[in-house]
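Data block below; observations after.
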4 protein chains.
Amino acid sequence: MANAVRRIGVFTSGGDAPGMNAAIRSVVRTSLHMGIECIGIRRGYNGLVNGDFIPLDFESVSGLSRRGGTMLYSARSEDFRGEAGQEKAVATCKLLGLEGVVGIGGDGTFRGLLELSRRGVAVVGLPGTIDNDIACSTYTIGFDTACNTALDSIDKLRDTMQSHERCSVVEVMGRHAGHLALYVGVACGATCVLVPERPVDFEADVVEPIRRARLGGRTHFMVIVAEGVGSAYDVAKKITEATSLDTRVTVLGHVQRGGAPTARDRVAATYMGYEAVRLLAEGKSNRVVCVQGDTYVDYDITEALKMKKGLDEQTYTVMRALTGVEQR
Amino acid sequence: MANAVRRIGVFTSGGDAPGMNAAIRSVVRTSLHMGIECIGIRRGYNGLVNGDFIPLDFESVSGLSRRGGTMLYSARSEDFRGEAGQEKAVATCKLLGLEGVVGIGGDGTFRGLLELSRRGVAVVGLPGTIDNDIACSTYTIGFDTACNTALDSIDKLRDTMQSHERCSVVEVMGRHAGHLALYVGVACGATCVLVPERPVDFEADVVEPIRRARLGGRTHFMVIVAEGVGSAYDVAKKITEATSLDTRVTVLGHVQRGGAPTARDRVAATYMGYEAVRLLAEGKSNRVVCVQGDTYVDYDITEALKMKKGLDEQTYTVMRALTGVEQR
Amino acid sequence: MANAVRRIGVFTSGGDAPGMNAAIRSVVRTSLHMGIECIGIRRGYNGLVNGDFIPLDFESVSGLSRRGGTMLYSARSEDFRGEAGQEKAVATCKLLGLEGVVGIGGDGTFRGLLELSRRGVAVVGLPGTIDNDIACSTYTIGFDTACNTALDSIDKLRDTMQSHERCSVVEVMGRHAGHLALYVGVACGATCVLVPERPVDFEADVVEPIRRARLGGRTHFMVIVAEGVGSAYDVAKKITEATSLDTRVTVLGHVQRGGAPTARDRVAATYMGYEAVRLLAEGKSNRVVCVQGDTYVDYDITEALKMKKGLDEQTYTVMRALTGVEQR
Amino acid sequence: MANAVRRIGVFTSGGDAPGMNAAIRSVVRTSLHMGIECIGIRRGYNGLVNGDFIPLDFESVSGLSRRGGTMLYSARSEDFRGEAGQEKAVATCKLLGLEGVVGIGGDGTFRGLLELSRRGVAVVGLPGTIDNDIACSTYTIGFDTACNTALDSIDKLRDTMQSHERCSVVEVMGRHAGHLALYVGVACGATCVLVPERPVDFEADVVEPIRRARLGGRTHFMVIVAEGVGSAYDVAKKITEATSLDTRVTVLGHVQRGGAPTARDRVAATYMGYEAVRLLAEGKSNRVVCVQGDTYVDYDITEALKMKKGLDEQTYTVMRALTGVEQR
């Protein structure tokens, strides 16, 4: 069966995430395997606007799976937001003969793909963000690596907090979503976890779990705060006021975005890259590749952007049980 | 609502797996939270046979999630295989007043639980094995850590294989199951992966992928062999004969069983431990806690033991696409 | 030959450092081997003042080398600063029959040992601090682990800084000493390193190296700032003003104090623990165990406290050569 | 002052070691800084014989410090062993105008440099081998990374050996030298360590330490065997015969050669690379750059090759104290 596309482009956009390189490699290799040419667009939508690209072959993506970051660079593009920029992007696609593009990123990336699609370019999006906040997919490329990076740092913090019998307040990434904070919180056995999706009752959500742990014999404590909740320094100050504990704040920051991707991120990225090219080859467009549990599926981008993703409520049930705190 | 059990035991059995400690911690903490007493049985079924146990409280499992191995020790029990041993085990349960037990391990562990159950002890099994070969669950505690440990070693091997332009033949664990080998193979971008579930056509499955990679520009190669396929040394010898490549064999071995569990293993173990106690508290017995995609469910042990789990065929499709090899 | 002491105490004091546990294990095991009893004093000098201690035997320190933190806890002691506290500490030694004590920490710890020594207790100090700022020793327990922890985070940061073509400003520990910053800076190939020991000429020390790197082809930059230099946020702001670069600040913080110690820290701690007990057994007192290059030696504490340690000037020569910047 | 050389080559030879890339980067960057051109010779002496080289500039070695392996590939060269090969190598130097070469590797590499030197090429050697078996230098590039890689695996093994109460027999690299085995043995708290430099008294060196540990309360054991001692499988078999312990063998193998270099290896490699170019620029030849403790020095190659390096006897004293075994 003939492929619906003969030449495609691939790019990464928005905040980078570990595994993006593995996805690029998979898109390139799958294309070659299917007899499709693949071009790398650099610096996200800017590359489409400005014609910033590199040819990619089998060997140019060798050994790429294990590398953090993205070899195609990433950026947010002011130019692409306007009509003029979008037309320049489409003109670049025409000039280069790109019949399809694969964009790896988050919701912003997908909205950009919609614009290209409206102008006649076949598009597929891949969910790549450490926040795991893309509604249509239970998993996003980069989440697992970010969780393990945060966890590794928190394990180290626990050593020194235990030695000094302190309360650690750790800010993890997540401006609008608490998935990372919650997952890491369960994994590290946090005393409590604060996320932007749930209003914080300081007495019930922070002080009581600390008390419970102290009553249970603990003399050090681990409080996880998602970025979007507010300043970890404020949380620490309030803890000291309420409990007299000696607190230390750590803001894990951009470290969470880097590093060699974990097995899970490499595998998910590899599968998703394959699916993206398969969809384009079959003449599909306007799709996001997603994972539901262990199954790879795809959604219409417009539908996908309308979906909502809540926090896993069971996490709270489990976490409160383990920290000995009554359910609210 | 009153709990169906007032005192339970927890033990680990069979080959150990990273995350078993996190599961133990979760069982203990959830029990305490629900007002159930929890006793640790040591050395698997031997502990039940011989009355080898320790009391466990809130603080005794603190900081346990991050530890590899199992604080309750593990073992295979000859004694428990016979009628006499099984009766001694039940007698221990009666003496200690254990109304339920949670056993963490593989199919062998679950078959033992059935025996206890037939003699009137309420039982729940948790899937803990690095092989991910428990049919009823898409995921088993320890698999993710083992994959990342193997991957980390393979990344290191790649460095030196690349320097010397050699072909690396790596034996990973998996006597009867190739899940670990396949997952790691996709993650590391292996040239090819050999698993016990599929007969090996050496020319098509090994030599051709190596040739394809060489034609694509590669000068080093990574061949992953699951333990059950046969000797990695034999595979290496045949590769050298067929291709004249300089090969090096690495048997990753028991290293894959240890190490601090990853975020995923700690989270899965924590959820599963919670579910196990919840089931016992609700008066359920003869259940295995499983995960299907991202959802935690439970099955009747007898049913669970009858299920079959095949390899993910799509993995082959994806992997062959990426290595440029035609489908068989 | 009879030992000069029959029972000794060991404690950790001041900021904890990875490897302190390995040193404790070595002190305990060496004591037992030499026929000396060893008691663990908890929470630094507070433990001596308050009689807070635990007995230690062969098995109680098993598996301890690999653990971060300190099993004996650490603290700064207000009580011990006064005459009354010091007398209470000596009274504790007398009550417990401690003829010698080994204190692991920094200069503050050694000054405390001097007070004990003046009151008749035999004392030996071991240099344990991640800052490597103890003048008499070219190496201190914890430095290597802290360097590798910082380096690992910086490697991750580099991934994301490269993807986004940003300038990373990383604050590492070191209030008064830049050893950690400099070592890590050389190891990570930093664009420049700012330390408290050298006044900063912003144009020559920061802007020019960034320009050189940009001229050489780099589009991302790594600036390392030791804590004592001032706020990393201020440095970042000045860089943006001077260069228009997009900067991101990371404060590595207490993560650098934790984690499983590296081989080097475990080995150094093990040797030093041995030497400490040997000295006490031989009737020596008032000594600090040090390392000079690869040789373990010991100094009089009073002499040791008078020594000065400068930064390694050659580091600057090498680093400037590598970043292409002219010597100042 | 004018440089004695205007264009130099750099290559890596023999078994690769983590940090070689950092050394290459340092040689290239220092050369550029001093106004010397630097060419990369590929595949060790083969590259000189066959004219296999690449030009290197500032950016081509960017981000290289953190990479394991060697970007210049390594190999042993049959051709260079003969007169004809050596003359071809010198002819390549003349053709390319290489007035000096820096060779990174072990004693074999240095002997090759001597041949070049006799034919009029200025040469400097850098000690790069994970074995730390170069007599003139207390430290060789790659040793620290290899130790930490081995240690990390052994820590993982300890988890599973502890769970199953087994005796682990671990073979580490070291065909003729036990430095790696001994260092790792002290770091991991091994029950005993067998090295090729010392004849093994099985009863005193293996069985007695195991007994001592068992008497002290241990139920798992860690035996480290350097490759050159003989088969780890034979050692395990003898242990089982003598003690009835359940043993498991792990051969760590080539994994020890790879991986991102540690801070120490990157720093040592960076300094040494700088020193190598400085020596050539000053008109020196026939030198090996070495480290003595913390000081970088250089020796005449002929002198260096005559030196001998024994095992550190104190390691035995310390290790036996810690394992509770009497001195032999």
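The values are calculated or read from the model by the stated rules, or taken from the named source; none is laboratory data. Since we're looking at a predicted model, the values are computed, not measured. Neighbour counts are summed over all protein chains in view; Cβ atoms, including those assigned to glycine, are modelled from backbone coordinates with ideal geometry. When the accessible area is computed, the model is the full protein with side chains, heavy atoms only, and any ligands, DNA or RNA have been set aside. Shrake-Rupley method; radii C 1.70, N 1.55, O 1.52, S 1.80 Å.
Per-structure values
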read-out: Long-range HN-HN contacts of A:Gly178 with modeled amide H, under 5 Å; value: A:Glu197
read-out: GNM top mover of B:Gly283, B:Gly216, B:Gly178 - chain B, alpha-carbon springs below 10 Å; value: B:Gly216
read-out: Rounded to 5, percent antiparallel among DSSP beta bridges of chain B; value: 20 percent
read-out: Kyte-Doolittle mean at least 0.5, axial Cα span of 18 Å or more - DSSP H helices of chain A; value: none
read-out: Helix-only [θ]222 nm of chain A, DSSP H runs n ≥ 4, -39500 (n - 2.57) each, per residue, nearest 500; value: -13000 deg cm²/dmol
read-out: Of all accessible heavy-atom area on chain B, the percent that carbon and sulfur account for (1.4 Å); value: 48 percent
read-out: Residues with amide H under 5 Å from that of A:Cys290, placed H, sequence gap 5 or more; value: A:Val297, A:Asp298, A:Tyr299
read-out: Largest to smallest principal axis extent of the C-alpha atoms in segment D:1-117, angstrom; value: 36, 34, 21
read-out: Percent RCO, i.e. relative contact order, over chain C, from Cα pairs under 8 Å lying at least 6 residues apart; value: 23 percent
read-out: Accessible-area value, A:Arg214, 1.4 Å probe, nucleic acids and ligands omitted, Å²; value: 120 Å²
read-out: Rotation relating A and C, chain C residue nearest the axis via C-beta, angstrom; value: C:Val251, 3
read-out: At R0 = 30 Å, FRET efficiency that the Cβ-Cβ distance of A:Arg211 and B:Ala4 yields, to 0.05; value: 0.50
read-out: Most fluctuating residue given options A:Glu171, A:Glu87, A:Glu203, as computed from a GNM of chain A linking Cα atoms under 10 Å; value: A:Glu203
read-out: Teacher prompt: A:Ala242 distances to equivalent labels in other copies, 7 Å Cα→Cβ, nm; value: 4.4, 6.0, 6.4
read-out: Cα centre as origin, Lys/Arg/Asp/Glu Cβ charges: segment B:195-328 dipole, Debye; value: 280 debye
read-out: Residue-averaged beta-carbon neighbours from other chains (10 angstrom radius) around B:244-255; value: 5
read-out: Computed magnitude of the charge dipole of chain D (debye, nearest 20; Cβ of K, R +1, Cβ of D, E -1); value: 360 debye
read-out: Amide proton proximity set for B:Ile39, modelled H, under 5 Å, gap of 5+; value: B:Ile8, B:Gly9, B:Val10
read-out: Efficiency of FRET from Cβ geometry, D:Thr219 and B:Lys94, R₀ 25 Å, rounded to 0.05; value: 0.30
read-out: Size of charge dipole - segment C:112-182 - debye, nearest 20, with Cβ of Lys, Arg +1 and Asp, Glu -1, no other charges; value: 300 debye
read-out: For segment B:4-151: relative contact order, % (alpha-carbon pairs under 8 angstrom, 6 or more apart); value: 28 percent
read-out: Per-copy distances of the A:Arg7 label point, shortest first, in nm (7 angstrom along Cα→Cβ); value: 3.8, 7.7, 8.6
read-out: Neighbour net charge for D:Asp246 - beta-carbon separation under 11 angstrom, K R +1, D E -1; value: +2
read-out: In nm, spacing of pseudo-spin labels at D:Asp312 and B:Glu282 (7 Å Cα→C-beta vector); value: 5.9 nm
read-out: 7 Å along Cα→Cβ, label-point gaps from B:Ala91 to other copies, nm, shortest first; value: 5.7, 8.9, 9.0
read-out: Global geometry of segment A:144-257, whether rounded, prolate or oblate, following the gyration tensor of its Cα atoms and the 1.5 cut on a/c; value: oblate
read-out: Cα gyration tensor shape for the protein assembly as shown, rounded if a/c is under 1.5, else prolate or oblate; value: rounded
read-out: Of all DSSP beta bridges in the protein assembly as shown, antiparallel share, percent nearest 5; value: 20 percent
read-out: At least 40 Å² accessible surface lost relative to isolated chain, residues of segment A:54-93 (1.4 Å probe); value: A:Phe58, A:Glu59, A:Arg66, A:Arg67, A:Tyr73
read-out: Per-residue SASA entry for B:Lys237, accessible area with 1.4 Å probe, Å² rounded to 10; value: 130 Å²
read-out: For the pair A and C, total buried accessible area rounded to nearest 100 Å², probe 1.4 Å; value: 2400 Å²
read-out: Inter-label distance for A:Lys237 and A:Arg118, nm, one decimal - labels placed 7 Å from Cα along Cα-to-Cβ; value: 4.5 nm
read-out: Subset of C:Lys156/C:Lys238; A:Lys308/B:Lys308; B:Lys284/B:Lys306; A:Lys284/A:Lys306; A:Lys156/B:Lys284 violating a 29 Å alpha-carbon distance limit; value: A:Lys308/B:Lys308; A:Lys156/B:Lys284
read-out: Shielding by partners, peptide A:289-296 (average Cβ within 10 angstrom, other chains); value: 3
